[in-house]
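Asks: Below is the structure I would like to discuss, written out as structure tokens.
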Amino acid sequence: MTAIDAAQPGLAPEQEYAGPSSTRTVVGYGFWIFLLSDIIMFSGLFAAYAVLWANTAGGPTGGELFDLRSVFIETACLLVSSYTCGLGALFAERQHRERFYIFSVLTFILGGAFLFIEITEFANMIGKGAGPSRSAFLSAFFTLVGMHGAHVTSGLLWQVYMVAQVAAKGLRPHVLRRLLCFSLFWHALDIIWVGVFTMVYLMGAR
């Protein structure tokens, strides 16, 4: 008899499957595998940047282009958004819907501010003639940083969807599992950005 055959009618979703781990644990583990595949992709982009960062083709270097002050503000926005995202997840687990909404809005605002600063930086660089086609260094830079920005954009859209789900369905177990996955995704973006901030901006501005 399979685990599903052994399930008894009327049980909660977490109790429908026989096994040593809960559905929440299995879902979290599976999502970590997805995140690791995403991190492998970023590892390739980091490696490409490490090889190409000095190939400026006579164009501007990172030290001439990067504004560390705005990058520090950008980094602070994303790091604080990770904190507010964690608080929102904790309040969701404790069934405090109103506080979950508050911290979700704060997370969205901070993530949106991060994206605004990044897009402004890209626009200023392109306005100076330092677009991705100018050199191999800039191609690698726009690909790495732009890919992270695309992930942040998808995270913000995902968060809007999750807030809508909480509003429509409440903080049910399956909704909480999806919120767990979103929280893991958002924290992973912070970890990747720390690498971008260190390798691209701090080392590039020297």
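The values are calculated or read from the model by the stated rules, or taken from the named source; none is laboratory data. Computed from a predicted structure; not experimentally measured. Because the Cβ atoms are built from the backbone with ideal geometry, glycine has one as well, and the counts that use them run over all protein chains shown. In case anyone asks, the SASA skips ligands and DNA or RNA and just uses the protein heavy atoms, side chains included. Shrake-Rupley method; radii C 1.70, N 1.55, O 1.52, S 1.80 Å.
Asks: If I filter the stretch 108-119 for residues that are in contact (Cβ under 8 Å) with a residue 12 or more places away in the chain, farther than 25 Å from SER22 by Cβ and over 15 Å from the mean Cα position of the chain (by Cα), do I get at least one hit?
Replies: Scanning the stretch 108-119 turns up at least one residue that is in contact (Cβ under 8 Å) with a residue 12 or more places away in the chain, farther than 25 Å from SER22 by Cβ and over 15 Å from the mean Cα position of the chain (by Cα).
Asks: So which residues in the stretch 126-172 are in contact (Cβ under 8 Å) with a residue 60 or more places away in the chain, part of a helix (DSSP H, G or I) and open to solvent by 60 Å² or more (accessible area, probe 1.4 Å), if there are any at all?
Replies: Matches in the stretch 126-172: THR143, MET147.
Asks: Would you mind stating whether VAL71 is of a type in the set (Val, Ile, Thr) and open to solvent by 80 Å² or more (accessible area, probe 1.4 Å)?
Replies: Criteria not met by VAL71.
Asks: Next question, about the same structure. Tell me, which residue of the stretch 33-61 that is of a type in the set (Phe, Trp, Tyr) and over 12 Å from LEU138 (Cα atoms) is least open to solvent (accessible area, probe 1.4 Å)?
Replies: Selected residue: PHE42.
Asks: For the condition surrounded by fewer than 19 Cβ atoms within 10 Å (Cβ to Cβ) and under 21 Å from PHE46 (Cα atoms), what is the one hit in VAL194, VAL175?
Replies: VAL194
Asks: Looking at the stretch 12-63, which of its residues are closer than 17 Å to ARG134 by Cα, in a loop (DSSP other than H, G, I, E, B) and modelled with pLDDT under 85?
Replies: Scanning the stretch 12-63 gives ALA57, GLY58, GLY59.
Residue by residue, here is whether (1) of a type in the set (A, V, I, L, M, F, W, C); (2) modelled with pLDDT under 95; (3) over 15 Å from LEU180 (Cα atoms) holds:
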residue: VAL71; (1), (2), (3): yes, yes, yes
residue: VAL80; (1), (2), (3): yes, no, yes
residue: GLY88; (1), (2), (3): no, yes, no
residue: GLU93; (1), (2), (3): no, yes, no
residue: HIS96; (1), (2), (3): no, yes, yes
residue: ARG99; (1), (2), (3): no, yes, yes
residue: ILE109; (1), (2), (3): yes, no, yes
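Asks: Out of (1) surrounded by fewer than 20 Cβ atoms within 10 Å (Cβ to Cβ); (2) part of a helix (DSSP H, G or I), what's the single condition that is false for PHE182?
Replies: (1)
Asks: If you take the residues in the stretch 90-119 that are in a loop (DSSP other than H, G, I, E, B) and not basic (Lys, Arg), which one is most open to solvent (accessible area, probe 1.4 Å)?
Replies: Initially, the stretch 90-119 is screened for residues in a loop (DSSP other than H, G, I, E, B), giving 94-96.
Applying the additional criterion that residues be not basic (Lys, Arg) yields 95-96.
Details: GLN95: 103, HIS96: 76 Å².
Per the criteria, the residue is GLN95.
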